[in-house]
1. Per residue of region 118-129, in order, report the coupling 6.51 cos²θ - 1.76 cosθ + 1.60 (Karplus, θ = phi - 60°) as ³J(HN,Hα) in whole Hz, putting x for Gly and Pro.
2. Past the 28 Å Cα-Cα mark, which pairs from LYS111/LYS154; LYS53/LYS159; LYS10/LYS166?
3. Would you work out the Kirkwood radius for region 72-174? I mean one over the mean of 1/r across all pairs of different Cα atoms, in Å.
4. Probe of 1.4 angstrom, ligands and nucleic acids ignored: what's the accessible area per residue over region 66-108, in square angstrom?
5. Taking H as built 1.01 Å from N, whose amide H comes closer than 5 Å to the amide H of HIS19, not counting residues under 5 places away?
6. Under 10 Å, Cα contacts only: if you run a Gaussian network model on the chain, which one of VAL54, VAL117, VAL44 comes out with the highest mean-square fluctuation?
7. Identify the residues of region 55-98 with backbone N under 16 Å of a label point that sits 7 angstrom from the Cα of ARG34 along the Cα-to-Cβ direction, or state none.
8. For the chain, what is the calculated [θ] at 222 nm in deg cm²/dmol (nearest 500), taking -39500 (n - 2.57) for each run of four or more DSSP H residues and dividing by its residue count?
Amino acid sequence: TCALPISAKKTDVWLFIYHEWWGLNDYIKREADRFAGEFPGVNVLAIDLYDGKVEESPAVAQELMGGLKDKRANAIIRGAIAFTGKNSRIVSIGWCMGGGWSLQSAIAEGKQAIGCVVYYGMPEKELSRIQSLQSDVLGIYAKSDQWIDETVVKEFSEKMNKAGKKFKIGRAHV
């Protein structure tokens, strides 16, 4: 399931947007529309990893996130990549849970990946998967996050460096 504000021009440049644990809610749809307006000539695809489910309760959102199976999410991502065509160039962006899926998307995109932004998303831990990454990564992480803490970000940064990949870290002051 996807929300698709397509640019007026035909282009092979795409922006994949990955939602937070709440699902593909109105906020993420507005962000997709905003990006589409700010980047004319870029197709924007807001990817729904929950098959239409949206939640406002943190407890239920956590259940949705916990119930998301990697196999299903990866199938959705592969479908989105196939939809764009073999000549597409893709940038991915996501927040929290979607930040981690933005990174997984960039890995799956292979040579089609041209950029990846991860807001507070879980980094990849397997060096072999990091080595297959073809794009630069910008990671924005909170200084006081207790889940994706300084140690997790540092380990990812070291693995990116070991793999010869470009990784820029931004810090939010929360």
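The values are calculated or read from the model by the stated rules, or taken from the named source; none is laboratory data. Here the structure is a predicted model, which is why all the values come from computation and not from measurement. Every residue, glycine as well, gets a Cβ built from its backbone with ideal geometry; the counts of neighbours run over all protein chains shown. Calculation scope for accessible area: heavy atoms of the full protein, side chains included, ligands and nucleic acids excluded. Shrake-Rupley method; radii C 1.70, N 1.55, O 1.52, S 1.80 Å.
1. Whole-Hz 3J(HN,Hα) from phi for region 118-129: 10, 9, 6, x, 5, x, 6, 9, 7, 4, 4, 6.
2. Flagged as over cut-off: LYS53/LYS159; LYS10/LYS166.
3. One over the average 1/r among Cα pairs gives 13.6 Å for region 72-174.
4. Computed with neighbouring chains in place, this is 44 Å² per residue.
5. Residues meeting the criterion, in which the H sits 1.01 Å from N, are ILE47, LEU49.
6. Its mean-square fluctuation being the largest, the pick is VAL54.
7. 93-96
8. -12500 deg cm²/dmol
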